[in-house]
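Encoded as structure tokens, the structure appears first; notes follow it.
The values are calculated or read from the model by the stated rules, or taken from the named source; none is laboratory data. No experiment lies behind these values; they were computed from the predicted model shown. Neighbour counts run over all protein chains shown; Cβ positions are idealised from the backbone, glycine included.
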Amino acid sequence: MDEVERIQRQAALVRSWLESPEALRTANAVAGRLRLDCDGSDLVQQAWLRVTTSFAARTTALVDLHGPVEAARYGSRVVSNIGLDRLRSMARTEVVALDRVETHLADDRLDPERGAMAMSFFEELLRRIPVTETRGNNCGGCSVDTIRSIAITVVQTFALETKAGGPDGPVDGRERLERLVDRAIESFGETGESARLRKRRSRCKHCVRDLLARVLDDMEVRRD
């Protein structure tokens with residue numbers, strides 16, 4: 001068997017494992033453990049493409065992949081790496097979303113002294129939240145409707161504070177946003193300091209900030 005045939009055989013062994021129920025169970029476990037915004041089937045599909053591409057580019061076969069056992073180990077590692085890549089991408093997306101929301105909500109239009117313009121902005125924001133498409137929010141926790149309700153509560157509170165002259169005390173935009181999201185989540189019964197609730201609140205924050213960023217971006221696009 002020449003080198004090309006060995007590479008093709010190894011690729012086939014790994015792809016065969018990726019098509020097995022064991023691969024899907026592994027991928028579902030990775031998605032659940034990392035709290036990803038996708039399910040196991042998405043990870044398996046990405047792993048299949050990555051394996052196909054990487055083996056097609058190889059000029060030498062792997063020295064430690066001889067049969068189904070090694071193929072399963074290799075495929076499992078690919079699935080885990082894709083999950084970690086997805087997690088890092090989610091983290092970057094969350095930072096960008098938070099920056100966008102903070103920037104928009106610190107806009108001069110929301111100065112308390114420009115009350116009519118600020119209230120018009122909030123009214124448009126509240127109209128768009130219920131109809132803006134979400135990213136899926138597959139965290140195993142809140143429904144999309146709950147995330148939208150929390151986002152609406154955040155915007156309503158922000159509007160009331162702005163109308164009243166702004167928050168009490170010197171609070172920067174990000175701190176103010178975090179405080180309002182925390183308060184809104186707690187109003188939906190997510191109180192307490194257990195590890196489970198802290199993780200739940202963290203996932204809720206991610207979904208709410210992402211939704212607000214998408215709504216605000218959509219508003220800016222329509223204005224342009």
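Determine if the stretch 26-37 includes at least one residue that is surrounded by fewer than 19 Cβ atoms within 10 Å (Cβ to Cβ) and of a type in the set (Ser, Thr, Tyr). Outline the logic, then answer.
So the first thing to find is which residues in the stretch 26-37 are surrounded by fewer than 19 Cβ atoms within 10 Å (Cβ to Cβ), and the list is 28-29, 32-35.
From what's left, of a type in the set (Ser, Thr, Tyr): none.
There is no residue in the stretch 26-37 that is surrounded by fewer than 19 Cβ atoms within 10 Å (Cβ to Cβ) and of a type in the set (Ser, Thr, Tyr).
So how many residues does the stretch 60-87 have that are hydrophobic (A, V, I, L, M, F, W, C), over 27 Å from residue 206 (Cα atoms) and in a helix (DSSP H, G or I)?
Adding up the residues that qualify gives 3.
Scan the stretch 174-189 and report the pairs whose first residue is under 15 Å from residue 155 (Cβ atoms) and whose second residue is of a type in the set (S, T, N, Q) and modelled with pLDDT of 75 or more, with Cβ atoms within less than 6 Å and a gap of 6+ or a chain change.
Listed pairs, sorted by first residue: 180/157; 184/153.
Would you be able to tell me the number of residues in the stretch 28-59 that are under 19 Å from the mean Cα position of the chain (by Cα) and in a loop (DSSP other than H, G, I, E, B)?
Looking only at the stretch 28-59, we keep the residues that are under 19 Å from the mean Cα position of the chain (by Cα), and these are 28-46.
Adding the requirement that they be in a loop (DSSP other than H, G, I, E, B) leaves 34-39.
Total satisfying the criteria: 6.
Residue by residue, here is whether (1) at pLDDT 85 or above; (2) surrounded by fewer than 18 Cβ atoms within 10 Å (Cβ to Cβ); (3) under 17 Å from residue 161 (Cα atoms) holds:
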| residue | (1), (2), (3) |
| --- | --- |
| 68 | yes, yes, no |
| 87 | no, yes, no |
| 108 | no, yes, yes |
| 111 | no, yes, yes |
| 119 | no, yes, yes |
| 143 | no, yes, no |
| 146 | no, yes, no |
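For the stretch 34-49, enumerate the residues that are of a type in the set (D, E, K, R) and in contact (Cβ under 8 Å) with a residue 24 or more places away in the chain.
Filtering the stretch 34-49 for residues of a type in the set (D, E, K, R) gives 35, 37, 39, 42.
35, 37, 39 - these are the residues of the stretch 34-49 that are of a type in the set (D, E, K, R) and in contact (Cβ under 8 Å) with a residue 24 or more places away in the chain.
Among the residues of the stretch 148-172 satisfying the criterion of being modelled with pLDDT of 80 or more and either among the β-branched types (Val, Ile, Thr) or over 21 Å from the mean Cα position of the chain (by Cα) (or both), which is nearest to residue 208 (Cα to Cα)?
Filtering the stretch 148-172 down to residues modelled with pLDDT of 80 or more leaves 148-157.
Subset that is either among the β-branched types (Val, Ile, Thr) or over 21 Å from the mean Cα position of the chain (by Cα) (or both): 150, 152-157.
Numbers: 150: 7, 152: 9, 153: 11, 154: 9, 155: 11, 156: 14, 157: 14 Å.
The qualifying residue nearest to residue 208 (Cα to Cα) is 150.
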